[in-house]
Amino acid sequence: MNAPYSYFPSLDAIWHDLADRRLGQLRPEELIIHECPHCAFLELADRGMALLLTPGTVSLLRRGPVLGRCSFVLSETIMALAERGSIDPRDAHDLLVGWFYGSAVLDGEGWTSGTDAIRATDPLESFPRIARRSPRNRRQQAEALLRGIGLACSAAHGHPATDIH
């Protein structure tokens, strides 16, 4: 029963290693050679959304900061792709990761479905913007963030359609 502790100093270390390995499934290093950082970020966001569908991923990432080889490769890739932007790559990294992670955690906690359930039973007349808000559009959010950090699409063919949920 103590076999895992032969390889890991604690249960937290096991969870941390699992989370870091999960981030490795994003394969961000493949995107470094992309001709367009804008398109590379959209692809990374698509990969991230697909990864979040893997059961337990959000829980693993919520346990605490993930500081390991795979998370460092992810951060290095994001900062390298952001070098052509208009803000410091570290700030771009923090903004993009914060948006992505925050959206995932809020979705995981059901904040959208909870609000929708309330809207279905209460017209929310005092809150007209909430009552008639449109469905979220992750693609539009990602595009706005990328424009905000100065990363317009530079691909000759334009950016392909992505499926950011």
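Where a number appears in this text, it was derived from the coordinates with a stated rule and is not lab data. Every value quoted in this text rests on a predicted model; they were computed, and no experiment measured them. So basically every Cβ, Gly included, is an ideal-geometry build from the backbone, and we count neighbours across all protein chains shown.
Annotations
- If R0 equals 41 Å, the separation of the Cβ atoms of residue 119 and residue 91 corresponds to a calculated FRET efficiency of about 0.70.
- Volume per residue that the Cα convex hull of the stretch 9-148 spans, once the total is divided by residue count, Å³: 129
- Positive end of the dipole of the chain (Cβ unit charges, origin at the Cα centre): among 97, 58, 80, the Cα lying farthest that way belongs to 58.
- Working note: 222 nm ellipticity from helices only, DSSP H runs with n ≥ 4, each -39,500 (n - 2.57), summed and divided by the residues of the chain, gives -18000 deg cm²/dmol to the nearest 500.
- Around the Cα centre of the chain, unit charges on the Cβ atoms of Lys, Arg, Asp and Glu (plus for the first two, minus for the last two) sum to a dipole of about 300 debye.
- Each principal axis of the Cα atoms in the stretch 98-151 has its own extent, and those three values, largest first, are 41, 22, 15 angstrom.
- As a rough guide to protection, the peptides 78-86, 140-148, 119-127, 60-68 ranked by mean Cβ packing within 10 Å, highest first, stand as 78-86, 140-148, 60-68, 119-127.
- Förster radius 35 Å - calculated FRET efficiency between residue 155 and residue 101 (Cβ-Cβ, nearest 0.05): 0.85
- Highest mean packing comes first when the peptides 21-28, 98-105 are listed by Cβ atoms within 10 Å, giving 21-28, 98-105.
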